Structures are given as C-alpha cells and as structure tokens.
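This report refers to the structure that appears directly beneath it.
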Amino acid sequence: MTDIAANIPVVDFDPFSDAFLTDPYDYHRRMRDAGPVVHIPKYGILAVARHAEVHGVLNDWQTFISSAGVGLANFRTEKPFRPPSLILEADPPQHTRSRTVLGRILSPKTVQQIRAQFQEVAEALIDRLLEQGTIDGVKELGEAYPLKVFPDAVGLTEDGRENLLAYGDMVFNAFGPRNQLLINAAKRVEPLTDWIMTNCQRQNLRPGGFGDQIYQAVETGELTETEAPMLVRSFLSAGVDTTVNGIGNALWCLANHPDQWDKLHANPALARQAFEESLRFEAAVQTFFRTAGRDCELAGVPIRSDTKMLTFLASANRDPRQWQNPDVFDIERRATGHMTFGSGLHGCVGQVVARLEGELILSTLARRVRRIEPLGPPTRRLNNTLRALASLPLKLHAA
Amino acid sequence: MPEVHLIQPGGLRVTLDVPVGTSIMQAAVSAGVAGILAECGGSCMCATCHVYAEEAALARLPPVQPAEHEMLACTADERRPNSRLSCQVKMTDDLAGLSFTLPEIQ
C-alpha cells in the first residue's frame with residue numbers, strides 16, 4: 001500500500017461487495033460527483049469514475065502501466081496467481097509483439113471471412129429457439145452462441161467447451177480482491193486447469209484456426225515457442241465470458257425496453273448500433289486497474305508510484321459530463337466512445353469479433369422475432385469484474 | 001488553438017479547432033463530423049476513422065507504426081499512399097491548417 005494524499009475525496013464503500021456489484025449505478029454517481037479522482041481506503045487504492053479521467057488513464061500507458069497487473073494485486077510487490085498475460089498484463093515492447101500478431105488474426109479482414117459462418121449459426125440457433133418459444137436467454141442464447149462460434153474459429157475441440165465459462169468467470173473474478181466470489185470461482189476451475197493448458201497446444205488446435213495462426217507466427221519468427229500457448233490462453237480467457245455477457249445484457253436491455261425493440265424490429269439495420277448502446281448502458285466489463293509506474297499527477301491530484309488505480313468503465317459510460325441523458329437506453333444514440341472495450345493501446349483486441357457476434361444475434365432476432373417478452377426477473381451472477389446474468393427467462397414471439 | 005480541415009467526399013469542408021495532443025479522430029467525433037465512425041474509440045482496431053492526408057501533410061505527420069500499417073490493409077475504401085487512420089494522428093502546432101479528405105465509406 002502506498003501513501004495517498006489526505007485531501008483526495010474518500011468513498012467508504014466496497015466496489016467488490018455484493019450490494020455494489022448487484023446495482024452499481026448509484027455508487028458510480030456518488031464517485032463521479034465526489035471528484036475526478038477518489039480514494040477507496042478499504043483497498044488503499046485510488047479510482048476514477050468520470051469519462052474524461054477513465055479515458056485519460058487508459059490512454060496514458062506510459063504512466064499508468066499494465067505490467068504490474070490490471071487487477072487489485074500489484075505484480076511489482078505480489079506474486080501473480082498465474083503467469084501474467086503477454087498482452088493484457090504487459091507493456092511495450094512485449095505488448096507490441098503480442099498485439100501485432102493478435103491484431104492481425106482478429107482484424108476486420110478476418111471478420112469478412114468468418115461472417116457468413118457466424119451468420120448461419122445465428123440463424124439456425126434462433127430458428128430452433130423460436131420453435132421452443134420459451135427460453136433462458138442467458139443459457140440458450142447468450143452462452144450457446146459464443147460458445148459455438150468463437151471456439152470453432154479458434155479451432156478448439158468440441159468436448160468440454162463449457163469449461164471456458166468457468167475459466168472466464170475465474171479470470172475476471174481474479175482482478176478483484178480475494179473475496180468469496182474469487183474463492184468459489186477458483187475452486188470450480190481447479191479441476192479444469194489441465195484441460196485449458198492442454199487445449200492451448202498446437203496439436204489440439206485445428207489447422208488454419210485463430211489458435212493455429214498464433215503458432216504460424218512462431219514459424220515466421222514473430223513469436224517464441226513459449227509465447228504461443230500463452231497467447232492462445234488469452235483467446236480462451238477473454239473471448240467467451242465477455243461476449244456471453246455482452247449478448248445477455250443486450251437481450252435484457254431490449255426485453256425491458258419494448259419501444260427500443262420495436263425500433264430495431266422495424267429496422268434491423270440498427271442492430272450494430274443497438275449492440276453498441278447496450279455495451280454502453282450495461283457494460284459487460286465494469287472495471288480494470290492500472291498501476292502508477294512513477295510519481296505523477298492526474299486532474300491536479302498527486303499520485304505516488306505503485307498506487308493502484310481503479311478505472312470504472314461502466315461509470316464513464318453513464319457520465320452526464322460526456323453523454324446526454326446517460327441513463328436512457330436509446331438504440332439510435334451514437335454510443336461510440338463508451339469505455340466497455342477499454343481505450344487506447346490496450347483496447348480490446350477482439351472487439352471486431354465481439355461486435356460481429358452481437359450484431360448478428362440482434363439482426364437475426366430483429367428479422368424473425370416480433371416481440372421479446374420477459375417472463376419474470378433475471379437472476380444475476382455476481383463477478384468482481386463482469387456484469388453478468390445467471391438466467392433470463394424470455395418468451396420469443398415469432399414475426 | 002490550431003485548426004485542421006476535413007473535406008467530405010461531396011466537397012463540404014468542416015474546420016475544427018483541435019487542442020494539441022488530441023487526435024484528429026477524437027476532435028472529429030466530438031464535433032459530430034459525419035464520415036468518421038471510429039468504432040473502436042481510438043485503439044487502432046477497426047479502420048473506421050480512415051482519412052486521406054493532403055500531399056503537403058505527409059512529411060509532417062507522425063510515421064505509420066506497425067499496428068496502423070496492418071490496420072490500413074483493412075479499410076473499406078481504397079488504401080492509397082496518403083491513407084492514414086485519424087486516431088493515430090495527434091495534433092501538433094506543425095499540423096495547423098492541413099486538410100484531410102474523408103473516404104466514400106468507412
């Protein structure tokens with residue numbers, strides 16, 4: 001823990017408590033109103049919750065580094081629970097090596113190639129769910145779709161893919177404190193660790209898939225033998241539980257705002273924008289940490305080297321200093337500039353694929369479904385980082 | 001504050017005051033300029049803030065880094081020698097008065 005200046009506004013709640021994670025929005029507002037930088041004594045950290053400072057911290061990677069971990073733990077003083085990610089928990093030049101290869105594999109060009117296949121799966125799935133009528137929007141759509149298309153594209157075996165959900169849940173819990181959420185998640189994932197590491201090996205990945213393409217970069221000398229499985233691991237940890245919740249939250253938003261659903265149904269071309277707005281409104285990824293790499297200043301506040309800095313992405317997305325009527329869900333809004341994918345150098349490298357998945361699910365639903373009827377309240381799945389649902393009972397009415 | 005000009009495909013010219021250190025993309029999005037989508041918000045991930053720099057500007061712009069070079073291969077409109085991603089061009093006093101033309105599609 002480092003010295004924190006006495007005159008920084010203090011907020012005395014726990015951003016990783018069940019109450020906060022269940023309904024964070026009023027806490028967000030209180031933090032934004034307290035000041036551009038706030039102090040959370042419970043964890044000895046500083047936090048930013050306004051759009052300008054969240055954007056500022058994420059875009060100043062030289063000052064607010066990632067190599068000391070993007071969770072609560074400071075890797076300069078504490079041992080990480082797993083070998084650090086070569087992209088998420090790295091600074092240039094290591095970050096640049098990894099990002100160049102992953103950025104090429106997950107580029108807009110790739111999206112053009114996989115689009116038809118992803119579309120076909122979306123249509124088949126939604127046709128099946130329409131016949132069924134009553135569905136769990138989380139399990140049968142939010143989880144089922146990413147768990148099919150993304151591992152297919154990576155080139156992963158069919159067996160045991162549901163392990164990716166438990167793995168993602170653990171990885172994102174691990175950015176928070178060692179609370180009960182993390183302890184439970186770690187217990188669930190322990191027997192699956194071998195499966196994860198085995199499936200990062202080249203012989204278990206379909207030739208030509210995203211995973212195999214990482215190993216091709218070893219052949220060209222861009223990556224080393226030891227870096228390749230670590231970067232495949234990044235696909236497995238970051239590529240599923242994020243889009244699962246992005247889609248689940250979008251369904252929840254649309255089911256609860258029938259006027260917005262009607263607009264989308266009338267004009268399925270709004271699907272991409274609607275998905276973007278739901279990412280802003282209910283950010284699937286709520287927070288990330290950075291670490292002050294040196295003594296510095298932010299918004300006039302002095303910050304000591306090694307101070308952990310929590311960025312509230314979801315709060316930036318609803319900052320009235322940035323957005324008009326931020327608490328209104330409006331699919332015709334221009335929502336670009338939200339912080340759900342992060343921003344700058346470390347902005348989500350898979351965001352074009354995430355957007356593709358979201359757009360295809362929403363546009364297919366918009367064409368084939370007249371109304372999404374909520375059948376009772378959803379159940380939350382609390383996670384230290386993710387905004388997640390455990391179940392979302394819905395009735396789909398065919399168009 | 002130094003200014004730059006953005007020229008729409010139809011010829012319409014928008015002049016923006018851009019604070020030094022702010023990217024051309026950010027300034028355009030803040031001003032609501034049509035034709036700059038910037039879906040990824042400046043992470044060099046989406047190639048939807050593509051612009052064509054005027055010849056006179058080329059030598060004064062920051063050099064193209066590898067990530068931008070890769071992403072320029074993914075633009076929806078034709079990539080030309082003067083193609084840049086406007087999220088990667090931060091304003092300097094030296095860029096004052098330069099013009100960028102927007103592509104037909106992003």
Please arrange A:LYS308, A:LYS139 by accessible surface area, largest first, computed with a 1.4 Å probe and ligands excluded. A:LYS139, A:LYS308
Expected output is a single nm value to one decimal: the length gained when fully extending between A:GLU297 and A:GLU222, i.e. 0.36 nm times separation in residues minus the C-alpha distance. What is it? 23.3 nm
Report the FRET efficiency, 1/(1 + (r/R0)^6), for A:PHE13 and A:THR379, where r is their Cβ-Cβ distance and R0 is 22 Å, rounded to 0.05. 0.40
Ignoring everything except DSSP H segments at least 4 long, calculate the 222 nm mean residue ellipticity for the protein assembly as shown; use -39,500 (n - 2.57) per segment, divide by total residues, nearest 500. -11500 deg cm²/dmol
Listed by chain and number, the residues whose amide H is under 5 Å from that of B:SER23, excluding neighbours fewer than 5 places away on the same chain and using placed H, are B:MET91
Go through the range A:46-55 residue by residue and turn each phi into a ³J(HN,Hα) via Karplus (6.51, -1.76, 1.60, θ = phi - 60°); whole Hz please, and just put x for glycine and proline. 9, 9, 10, 10, 8, 4, 4, 6, 4, 4
Let a ≥ b ≥ c be the square roots of the eigenvalues of the Cα gyration tensor of the range A:1-58; is it rounded (a/c under 1.5), or, if not, prolate (a/b larger than b/c) or oblate? oblate
Could you give each residue of the range A:120-131 its phi-based ³J(HN,Hα) in whole Hz, using Karplus coefficients 6.51, -1.76, 1.60 with θ = phi - 60°, and x for Gly or Pro? 4, 5, 4, 5, 4, 5, 5, 4, 5, 5, 5, 5
Taking every residue of B:41-54, the Cβ atoms of other protein chains inside 10 Å of its Cβ average out to 5
Of all beta bridges DSSP finds with both residues in the range A:347-399, what is the antiparallel percent, to the nearest 5? 100 percent
Farthest positive-ward along chain A dipole, Cα basis, beta-carbon charges - from A:ILE247, A:GLN260, A:VAL149: A:GLN260
Amide H to amide H under 5 Å from A:ASN199: which residues, 5+ apart in sequence or cross-chain, H placed 1.01 Å off N in plane? none
Extreme residue, positive dipole direction of chain A, given options A:GLY300, A:PRO15, A:PRO207 (C-beta unit charges): A:GLY300
Residue (of B:LEU85, A:SER315, A:VAL57) at the positive-pole extreme of the protein assembly as shown, dipole from beta-carbon charges: A:SER315
Can you work out the PRE-style zone for A:ASP127? Point 7 Å along Cα to Cβ, and I want the residues of the range A:363-381 with backbone N under 16 Å. A:364-369
For A:VAL369, other-chain or 5+-apart residues with amide H closer than 5 Å (H placed, Pro excluded) are A:ALA399
With all protein chains present, how much of the accessible area of the range A:332-399 (probe radius 1.4 Å) comes from carbon and sulfur, to the nearest whole percent? 56 percent
Cα gyration tensor of chain A, axes a ≥ b ≥ c as square roots of the eigenvalues: rounded (a/c below 1.5), prolate (a/b > b/c) or oblate? oblate
Once all protein chains are kept in place, A:LYS148 shows an accessible area at probe 1.4 Å, nearest 10 Å², of 70 Å²
Determine how large the accessible area of A:ILE372 is when every protein chain is in place; take a 1.4 Å probe and give Å² rounded to the nearest 10. 10 Å²
About the Cα centre, charge dipole magnitude for the protein assembly as shown (Lys/Arg +1, Asp/Glu -1 at Cβ), debye: 320 debye
For chain B, what relative contact order do you get, as a whole percent, if you take Cα pairs closer than 8 Å and at least 6 residues apart? 41 percent
Computed over chain A, the relative contact order (Cα-Cα under 8 Å, seq sep at least six) in percent reads 26 percent
Under 8 Å for C-alpha pairs, at least 6 residues apart: give me the relative contact order for the range A:188-337, rounded to a whole percent. 19 percent
Residue-wise, which Karplus ³J(HN,Hα) couplings in Hz belong to the range A:331-343, taking 6.51 cos²θ - 1.76 cosθ + 1.60, θ = phi - 60°, and x for glycine or proline? 6, 8, 6, 8, 8, 4, x, 5, 9, 4, 8, x, 6
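The values are calculated or read from the model by the stated rules, or taken from the named source; none is laboratory data. What you are looking at is a predicted structure, and each value in this text was computed from that prediction instead of being measured. Ideal geometry is used to build each Cβ from the backbone, glycine not excepted, and the neighbour counts take in all protein chains shown. Just the protein is used for accessible areas: all its heavy atoms, side chains included, with ligands, DNA and RNA removed. Shrake-Rupley method; radii C 1.70, N 1.55, O 1.52, S 1.80 Å.
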